[in-house]
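First up is the structure itself, then whatever we jot down about it.
Bear in mind these aren't lab numbers, they're just calculated from the coordinates by the rules spelled out. Quick caveat, the model's predicted, so the values are computed rather than measured. Glycine also receives a Cβ, built like all others from the backbone with ideal geometry; neighbour counts cover every protein chain displayed.
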Amino acid sequence: MTALSVRFTDERLANGLRLIVSEDHLAPVVAVCIWYNVGSKHEVEGKTGFAHLFEHVMFQGSGHVAKAEHMALVQAAGGTMNGTTWLDRTNYFETVPSHQLELALWLEADRMATLLDALNQENLDNQRAVVKNEKRSSYDNRPYGDWFHKLQEHVFPPDHPYHHPTIGSMEDLDAASLEDVAEFFRTYYAPNNAVLAIVGDVDPAQARAWVERYFGEIPANRTIPALGDMTLPPLIGTEAREIVEDRVPLPRHFFGFRAPMMGDPRLDALDVAAQILAGGKGSRLYRRLVRDEKIAQDVSFFVLGLIGGASIAAGQATVRPGVDPAVVERAFEEELELICREPVTADELARARALIETFELEALQRVDERADRLAMYATLLDDPDMINRQMGRYLGVTAADIQAAAAEVLRPENRVVLTYMPAGEAATGTTDEETAA
């Protein structure tokens, strides 16, 4: 097993901002990554999509930065930057030449402290339109585009914060007022709700001084509302099936399962199982469905780690033209049943470990990936040192661990099957909704 050690410091400012610094002088670049502990799970009924909307609004200027100037300044300095939103968090990140670190920190601090100075109805309306267009192009009007949203609806009950999509609904986006959005920012975009990771060619003492200078006077919000109980039963309790007739070129099956939370060793075992099932052309699903039986165009299986009661294990298979979709579904499910019933072979386990080790080591060569993972583990697990232990956890997974985790999770009574059919070709059958009616 390859030894891996990312050295870092971990401290908090008086206002609660968590600062993680990792020094690496291999290349003259530095990554700045800030994670806010707010995602779509923090939204309430009637106000969905706010976390993602704010990701866009955060680039529309702040008290001392003009509209779109944040991006322009970073790019002019030779850097790259972006932001993303997910169920559990929102993050923003820059990678810049190391002598531009102060600029990146000042920009992030300015929008944390003064974003509301620049927020106005015009900016809100503009970004609302951008998000609605993104929803249309990426989900509503894209073939198979809403598969994950449908999966969420089946895996998580209606009263659970993971039930609704991160992008939100058109109705809620239309209804969002300027004060609604400002209140969301005041609640969650506070230093004591954030982790700032700085990785790369950095003088730690200088970095700390800049962070204290630019972030230190931003007031904490001591009244961030706690989330309600997100506990879920380990199993969905029944198989859920839905046939979706849509403008898609070929039938495609999506499979989803409720899985253990991020940080649970069983989720590590499922990650390794996913490599055995669908990690490249040597995997079980690829060999059987694509290469040998030639019944599927492509296959996948993967795990999405979450911390709010459960994670998701999911996969998909696109049916080859002229093949009965039921044949593909049965073959896919047989491979899942097999990994639950029999231990994987020593060769399969060695291959999966090699793939995971290669991926992990390649990813951690990049300062931006190290910054992102340090912030992620600190935010979600309160354990940034997981960056040094996660690969060992993967490589320590045994065949017995995989069989046990698969048998717990990949069960018919914990399974969602979504079948997308080209318009006019849907097989006769009833959906969950029809059965319920």
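Rounded to whole Å and sorted largest first, what semi-axes of the equivalent ellipsoid does the C-alpha gyration tensor of region 9-215 yield via the square root of 5 times each eigenvalue?
Values: eigenvalues 193, 67, 57 Å².
Three semi-axes, in Å: 31, 18, 17.
Largest first and in whole Å, what are the equivalent-ellipsoid semi-axes of region 295-437 based on the Cα gyration tensor, each being the root of 5 times an eigenvalue? List each step's numbers first, then the result.
On the way: eigenvalues 228, 77, 56 Å².
Semi-axes, largest first: 34, 20, 17 Å.
Give me the net charge of residue 286's neighbourhood, meaning all other residues with Cβ under 12 Å from the Cβ of residue 286; Lys, Arg count +1, Asp, Glu -1. Don't skip to the end; give the middle numbers.
Details: positive: 281, 284, 287, 288, 291, 294; negative: 292, 293, 298, 335.
Here the charged neighbours net out to +2.
If the label point is 7 Å along Cα→Cβ of residue 149, which residues in region 223-265 have backbone nitrogen under 16 Å from it?
Answer for this model: 244-248.
Less than 9 Å Cβ to Cβ from residue 200, Lys/Arg counted +1 and Asp/Glu -1: what total charge do the surrounding residues give?
Taking every other residue near residue 200 into account, the sum is -3.
What lysines does residue 150 reach when the alpha-carbon gap must be under 30 Å and sequence neighbours fewer than 8 apart in one chain are set aside?
41, 47, 132, 135, 281, 294
Once each part is reduced to its C-alpha centroid, what is the distance from region 386-427 to region 110-156 in angstrom?
The two parts, judged by their Cα centres, are 28 Å apart.
In vacuo Debye scattering of the chain, one point per C-alpha: log10 I(q)/I(0) at q = 0.14 Å⁻¹?
Scattering profile of the chain, log10 relative to I(0): -1.37.
Ordered by packing density, taken as the mean number of other Cβ atoms within 10 Å over each peptide's residues, highest first, how do 321-332, 198-209, 105-116 rank?
Numbers: 321-332: 15.7, 198-209: 18.7, 105-116: 21.2.
For the peptides 321-332, 198-209, 105-116, the packing ranking is 105-116, 198-209, 321-332.
With runs of 4+ DSSP H residues as the only contributors, calculate the mean residue ellipticity of the chain at 222 nm using -39,500 (n - 2.57) per run, divided by the residue total and rounded to the nearest 500. Before the final figure, lay out each step's value.
On the way: 15 runs with 178 residues, N = 437.
Roughly -12500 deg cm²/dmol at 222 nm, from the helical runs in the chain.
Find the centroid of the Cα atoms in region 321-349 and in region 258-320, then give the distance between the two in whole Å.
Here the answer is 11 Å between Cα centres.
Karplus couplings for region 152-169 from phi (6.51 cos²θ - 1.76 cosθ + 1.60, θ = phi - 60°), rounded to Hz, Gly and Pro as x?
In residue order, the calculated couplings are 4, 4, 8, 6, 10, x, x, 8, 8, x, 8, 5, 9, x, 4, 5, x, 10 Hz.
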